[in-house]
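Single-structure report; data block below.
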Amino acid sequence: DVKVTQSSRYLVKRTGEKVFLECVQDMDHENMFWYRQDPGLGLRLIYFSYDVKMKEKGDIPEGYSVSREKKERFSLILESASTNQTSMYLCASSLGTGWDYTFGSGTRLTVV
Amino acid sequence: AQKITQTQPGMFVQEKEAVTLDCTYDTSDPSYGLFWYKQPSSGEMIFLIYQGSYDQQNATEGRYSLNFQKARKSANLVISASQLGDSAMYFCAMRERDTGRRALTFGSGTRLQVQP
């Protein structure tokens, strides 16, 4: 089975800290995605990547950046964390133009 | 513009009864896919069912069926014979083929509670 692993289940960070959320998939998927999930808003796309070193802005990229140096790893970076970035973050991956998506278990980030 | 609309923030259903979760979508792309996911309190996203825009028949997967009404742009999820374990958040999602964007767009979700 395809596995998408997010390194932390829960994370508490201070305002202004630089935060890295890591996502690793083990099935050679080209596409990787970062979403944030908030009550009443569903999942919103932050950034996505179709290939190594490639990235595209999603619907809410402000305050975030990403890095994809290796095919299996897609990192979400909060350059200077703010309290409004307190949320659940979900990573997902998919193969090429395929229609199967696999999600990680999520990282619940609290910024204090 | 909202591409996926789920108008029911919360729903209650009695165990063993059927329930319909509403989803409407907006797209001008003739080729698209519609998805439903379940998210239990543990947080993982569980794929339930998929409907392609050119599929002639409504998709079914066990107790889940998708009531696809293309002209009305609706893709409602029907869960038959509800079980206590069906209590969860449910998300409708869409992907448009011709835009080249491979990401899913999600609705705001419906929290389903199954009562004994």
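The values are calculated or read from the model by the stated rules, or taken from the named source; none is laboratory data. As the structure is a prediction and not an experimental result, all values here were calculated from the model. Counting neighbours? That spans all protein chains shown, and the Cβs are built from the backbone with ideal geometry, glycine included. Areas reflect the complete protein model, heavy atoms only, side chains present, ligands, DNA and RNA absent. Shrake-Rupley method; radii C 1.70, N 1.55, O 1.52, S 1.80 Å.
Brief remarks on what is shown
- Evaluation of B:GLN51 against (1) of a type outside the set (A, V, I, L, M); (2) in a strand (DSSP E or B); (3) open to solvent by 60 Å² or more (accessible area, probe 1.4 Å) (one fails), failing number: (3)
- Scan of the range B:1-36 for residues that are under 20 Å from B:ARG63 (Cα atoms) and without any contact (Cβ under 8 Å) to a residue 60 or more places away in the chain, ordered by number: B:THR20, B:TRP36
- Residue in the range B:49-61 that is over 29 Å from A:GLY58 (Cβ atoms) and in contact with a Leu (Cβ under 8 Å, 6 or more places away or on another chain) present: yes
- If the condition is being in contact (Cβ under 8 Å) with a residue 12 or more places away in the chain and either among the basic types (Lys, Arg) or buried (at least 19 other Cβ atoms within 10 Å of the Cβ) (or both), then the range B:97-107 contributes B:ARG97, B:LEU104, B:THR105, B:PHE106, B:GLY107.
- Qualifying residue in the range B:31-43 (condition: within 30 Å of A:SER8 (Cα to Cα) and out of contact with any strand residue (DSSP E or B) (no Cβ under 9 Å at 6 or more places or on another chain)): yes
- Residue among A:TYR10, A:TYR47, A:TYR89, A:TYR35 that is touching a Pro at 6+ places or on another chain (Cβ under 7 Å), touching a residue at least 24 places away in the same chain (Cβ under 8 Å) and closer than 30 Å to B:LEU112 by Cα: A:TYR47
- Restricting attention to the range B:106-116, the residues that are within 11 Å of chain A (Cβ to nearest Cβ) and not in a loop (DSSP other than H, G, I, E, B) total 3.
- Top-ranked residue of the range A:31-55 - restricted to ones that are out of contact with any Ser or Thr (no Cβ under 7 Å at 6 or more places or on another chain) and charged (D, E, K, R), ranked as most open to solvent (accessible area, probe 1.4 Å): A:LYS53
Each row is one residue, and each column tells you yes or no for (1) away from chain A (no Cβ under 14 Å); (2) out of contact with any Asp or Glu (no Cβ under 6 Å at 6 or more places or on another chain); (3) over 20 Å from A:PHE103 (Cα atoms); (4) modelled with pLDDT of 95 or more.
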position	(1), (2), (3), (4)
B:ILE4	no, yes, no, yes
B:THR7	no, no, yes, yes
B:TYR25	no, yes, yes, yes
B:SER28	yes, yes, yes, no
B:TRP36	no, yes, no, yes
B:LEU48	no, yes, no, yes
B:ASN58	yes, yes, yes, yes
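- Yes/no for B:ALA103 being small (Gly, Ala, Ser), part of a strand (DSSP E or B) and under 27 Å from A:PHE48 (Cα atoms): no
- For the range B:74-89, the condition of being within 14 Å of chain A (Cβ to nearest Cβ) and either open to solvent by less than 30 Å² (accessible area, probe 1.4 Å) or at negative phi (or both) holds for at least one residue.
- Meets criteria (within 14 Å of chain A (Cβ to nearest Cβ), open to solvent by less than 70 Å² (accessible area, probe 1.4 Å), outside any loop (DSSP other than H, G, I, E, B) and over 17 Å from A:TYR101 (Cα atoms)) for B:MET94: no
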